[in-house]
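Working notes for the structure below.
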Amino acid sequence: MTRKVDRNNQTPVDSNEVKEEILAKYPAKVARKRAKQIIINRVGENETVPEIQANVRTIPGILTMRGCAYAGCKGVVLGPTRDILQITHGPIGCGFYSWLTRRNQTRPKSEAHTNFMPYAMSTDLQEDEIIFGGEKKLKKAIEEAIHIFHPRAIGIFSTCPVGLIGDDVHAVAREMEEKHPDVNIFGFSCEGYKGVSQSAGHHIANNKVFTDVVGLDDTAKEGKFKINILGEYNIGGDAFEIERIVAKCGFTLHSTFSGNSEYDEFTTAHTVDLNVVMCHRSINYLAEMMEKKYGIPWFKVNFVGAEATAKSLRKMAKYFGDEKLVEDTEKVISEELAEVIRVRDDVKSRCEGKLAMMFVGGSRAHHYQELFREIGMRTVSAGYEFAHRDDYEGRKVMSSIVVDADTRNIEEITVTPDEKRHHPRKSETELAGIQDEVRFSDYEGMMPEMNEGALVIDDLNHHEAEVLIEKYHPDVFCAGIKEKYVVQKGGIPLKQLHSYDYSGPYAGFLGAVNFYKEIDRLVNSKLFQYVKAPWQESPELAGRYAWGR
Ligand code: CFM
């Protein structure tokens, strides 16, 4: 099942030396801690890999790439849903900076359909509320929102100051819901500081969507082979491409959590027969809870990479086991792959052997290695900002993950089977028959698929990125906007894998073609070799205090 790790394909630089150089700059205590988060990859029998420390606090003073719990809850999981009216309870900056910067696209079914995405709604907390409390202002904002927009559902998202002053967003939600029984109003305790990163916000969002939204309506959608896609957020139009492909094969896509989605698709999501999980990190909780409560099996898929897309579609068709579906899926794959292979081979002739690095949130640092592999490029170093050990080492290590105080901060919901609505989608024997192929409730993680000797780094920081660039001279560095210009000033092209640099889609078959072409242009352009960073000309900045003149 596992990809063959290329044991001869060693990195051109000694990873041990790079690690040592990185650690040498740190005080002893910091170096000891970072040493557990910088791992040289080894893959043994049964996908065993070395242990990496992940999902722990960033050491104060280090310039991390991470974001906050509010970003994970509002920005990531709920943000892409167009008709849940989302109010940020907090200072205006939190609402404004989480407004569409992630490039999650949406396509309302018609002009008449609700779409709140072009709005950034916030209570715009001021000093007065910080001192005297913000609940009154929140209630007023909800009244105003209902009056103007008539939403079916309202989500309230807490920011840091809300937690610090003690506003009870849940009590406000209950009170307002009593006044407006037609509107489903729910609050999220996703204050930015709630966890060590955005990952906490994902969990908080999953919990509330599960308890307050999923399962409210038992009306099933028409159609055969019904699925939900969990953890796909339609960045740069990825979900549009995935929708196109799964429909062409003959699946009925009931809902995507939450790219290009609507509230109604969430309330009825429990009526499907299969959940497939794209981004494991951000939504595995919901997959687990839906399985327990409603009996919906889940497995991991990946639509980033043409081969990975084909493999995922095959797994899905295999699950339903319908001959015509399997046949149609194969037809779609061979039809779509024809163009992909033509471009891929052409691009590969120019990109083969080039080096890539990727440091993205919690899934893409794994998924995008597929696309680079397809054009013959090697990932010499990769890491997540905020993923957990299971995303690195595979879910097999989950039982051995230490639960610390920061994790305990987030509610664990006890889920039991729903007496009326839990029913098995397949018999035990049917499930067992395809377990090896589809791997139910499992994720193999990033490290078992990476090369021997590759450097895996959790929660990368600025200093470490600089050492990596100096040592490896990668042909492309993949990260986000915070890293982009520093890396490019160093003469290395940076591809944003969060927002896609205003481009995309990169998922599915058409997405793969887009990505090959862009990477070809980036790594084969001479442009970056001409860049001279300001610090190469004058490495030190001198300053003077104005009053010393
Ligand atoms: Fe999942 Fe995502 Fe990602 Fe993520 Fe994110 Fe993202 Fe990401 Mo930016 S849900 S973990 S919290 S795949 S916004 S669409 S690109 S860090 S790797």
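The values are calculated or read from the model by the stated rules, or taken from the named source; none is laboratory data. Bear in mind that the values here come from a model prediction, so they are computed numbers and not experimental data. Cβ atoms come from the backbone with ideal geometry, glycine included; neighbour counts cover every protein chain shown. With ligands, DNA and RNA removed, areas are computed over all heavy atoms of the protein, side chains included. Shrake-Rupley method; radii C 1.70, N 1.55, O 1.52, S 1.80 Å.
Of the residues making up the stretch 164-210, those that are polar (S, T, N, Q), crowded, with 21+ Cβ neighbours inside 10 Å and touching a strand residue (DSSP E or B) at 6+ places or on another chain (Cβ under 7 Å) number 1. Residue count for the stretch 449-474 satisfying the condition of being over 21 Å from the mean Cα position of the chain (by Cα) and part of a loop (DSSP other than H, G, I, E, B): 6. Evaluate the following for ASP436: is it within 16 Å of the ligand (Cβ to nearest atom) and either assigned to a helix (DSSP H, G or I) or buried (at least 21 other Cβ atoms within 10 Å of the Cβ) (or both)? The answer is no for ASP436. The set of residues from the stretch 285-316 being out of contact with any helix residue (DSSP H, G or I) (no Cβ under 6 Å at 6 or more places or on another chain) and over 18 Å from GLY445 (Cα atoms) comprises MET290, GLU291, LYS292, LYS293, GLY295, PRO297, ARG314, MET316. In this structure, ASN16 does satisfy being at pLDDT 95 or above and open to solvent by less than 80 Å² (accessible area, probe 1.4 Å). Being modelled with pLDDT of 95 or more, more than 16 Å from the ligand (Cβ to nearest atom) and open to solvent by 30 Å² or more (accessible area, probe 1.4 Å) holds for only one residue in ILE38, ILE131, ILE62, and it is ILE131.
So in the stretch 471-485, with the set limited to residues that are crowded, with 17+ Cβ neighbours inside 10 Å and aliphatic (A, V, I, L, M), which one is nearest to ASN524 (Cα to Cα)? Taking the candidates together, the pick is VAL476.
Taking every residue in the stretch 266-281 that is in contact (Cβ under 8 Å) with a residue 24 or more places away in the chain and farther than 14 Å from TRP298 by Cα and pairing it with any residue that is more than 16 Å from the ligand (Cβ to nearest atom) and open to solvent by 10 Å² or more (accessible area, probe 1.4 Å), at least 6 positions away or on another chain, the pairs with Cβ-Cβ distances below 6 Å are THR267/LEU216; THR267/ASP217; THR268/ASP217; THR268/THR219. For the stretch 218-251, a residue qualifies if it is within 16 Å of the ligand (Cβ to nearest atom), surrounded by 24 or more Cβ atoms within 10 Å (Cβ to Cβ) and of a type in the set (Phe, Trp, Tyr), and exactly one does: TYR233. For residues in the stretch 475-512 being aliphatic (A, V, I, L, M) and part of a loop (DSSP other than H, G, I, E, B), which is farthest from GLU335 (Cα to Cα)? Only one residue tops the list, namely ILE492. Across the stretch 386-422, the qualifying residues are those that are of a type in the set (Gly, Ala, Ser) and exposed (fewer than 13 other Cβ atoms within 10 Å of the Cβ), and the one among them that is modelled with the lowest pLDDT is ALA405.
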